[in-house]
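Values in this text are rule-based calculations from the coordinates and carry no lab data. Remember, it's a predicted structure, so these values are computed and weren't measured experimentally. Positions of Cβ are generated from backbone atoms using ideal geometry, with glycine treated the same way; all protein chains shown enter the neighbour counts.
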Amino acid sequence: MLSQLRPALVLLILFTALTGLAYPLAISAVAQLAFSAKANGTLIERDGKIVGSELIGQNFVSDRYFHGRPSATVGPDPADATRMVDAPYNAANSAGSNLGPTSKKLLDRVNAAIEAEFAAGRIDIVAADAATTSASGLDPHISPQYALAQIGSVAKARGIDESRLRALIAAQTEQRLAGVIGEPRVNVLLLNIALDALK
């Protein structure tokens, strides 16, 4: 019995040390050396203070800023911890809504987003990402069409000429990877930081 138990325990300890300690530490060291910014969350610092990450969207609500796409993340209800409530851009609970195409809640949310876009006077045609959430609920990017749709309200709130905002969006638009992978996109946080830097 002991002759069978001893090798099993030795292998358990050995593989726990290798796969549970040595391998993760080695990968972390390589990541810190080769891709330090990405390994640390691609954090953005401004005036010595961290203002966000390039990888996680934020909830901008002021008309002075460009808005990201809606978020379907949830969090615990402050009044009842056993219930979950909508908590936009809750990075601790990244997930899609899992609502199907026949869901009334999904239809109501999309219609409310569309009505809000029209009420804000952004455009006559609403970009898809202005009314729908991403799979993670934390997408930091919007389409150039949605960014351009918000120019009127941002220009009015800031007293900036719309042509300057168009040029800013063009400068902040990331193109397809290798010219074929993905879609053109605009990182909302980086766009708003560039917006604040306009004189």
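Overview of results
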| read-out | value |
| --- | --- |
| Unit charges on C-beta of K, R, D, E only; dipole of the chain, Debye | 320 debye |
| Cα principal axis extents for segment 14-150, largest first, Å | 61, 39, 29 |
| Segment 175-195 and segment 30-51: distance between their alpha carbon centers, rounded to Å | 19 Å |
| The chain: relative contact order in percent, alpha carbon pairs under 8 Å with at least 6 residues between | 19 percent |
| At most 11 other Cβ within 10 Å, DSSP loop - chymotrypsin sites (Phe, Trp or Tyr not before Pro), segment 12-103 | F35 |
| The chain: calculated mean residue ellipticity at 222 nm from DSSP helix runs of at least 4, using -39500 (n - 2.57) | -12500 deg cm²/dmol |
| At most 16 other Cβ within 10 Å, DSSP loop - trypsin sites (Lys or Arg not before Pro), segment 77-163 | R83 |
| D196, D80 arranged by Cβ crowding within 10 Å, fewest neighbours leading | D80, D196 |
| Exposure proxy order (Cβ contacts within 10 Å, fewest to most) of M1, M84 | M1, M84 |
| For the chain, built as a Gaussian network whose Cα springs stay under 10 Å, the top-fluctuating residue of I50, I151, I13 | I13 |
